[in-house]
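As structure tokens, the structure follows; a few thoughts come after it.
Every number here is computed from the coordinates shown, using simple stated rules; none is lab data. These figures come from a predicted structure and were not determined experimentally. Glycine gets a Cβ as well: all are built from the backbone with ideal geometry, and neighbour counts include every protein chain shown.
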């Protein structure tokens, strides 16, 4: 009985210490556009705009939010604990469905953690998140190519969420070049490469049909529409974006390089 009481007292002390420790973590406020907080300057304007616009479409259709954060330093804190507290403070995802996800990158410590909300644990279980980190993100990070690594992982996550909700995001004003980062570069496996070959064949067939039957009208229309894309997103909106009040489900995975 005495040993049991001592053990319980020990657990209470440890738990209280952990709670106090977590409460002392300095969590930043979200950026104006919410979906990207790039303290470590890993992304250029084009990449930030891509993440923001993709999220706006995703949030409009599903309420889900996929937030990317880079920090200069974890200041000795555990990256998972920082991710949980950040997720909680920002309320990532909708309050109704808890369908948020946070990608936290700490280049100084060479660590990444992806924290998943309750509502996305079905399509993105820990094992799948771990595979995305290992196959689609870390190979880029090992080459100090942080932007392509982040975008590659972000794209993988978006595709899983699209499949879960049975939607296809409208990408008329989204940078298509960034959309394909990681999908056909050898990091995501043999079958992704086959898909890339099939898409290339499809494009060639489309061009042949278009130029033979329509004198290239469809191709020229797509090209001209694409030329209207551009400009920084930083000054394109006066309304501040914010989290929907979602909660973390305690699921996720991390990695080091």
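Tabulated data for the structure shown
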quantity	calculated
Ranked packing of 198-211, 68-81, 44-57, most packed first, by mean Cβ within 10 Å	44-57, 68-81, 198-211
Cβ-derived FRET efficiency at R0 35 Å, residue 26 paired with residue 128, nearest 0.05	0.65
Gyration tensor (alpha-carbon) shape descriptor, the range 47-105, a/c threshold 1.5	oblate
Full-stretch length increase - residue 159, residue 201 - with 0.36 nm per residue and alpha-carbon distance subtracted	12.9 nm
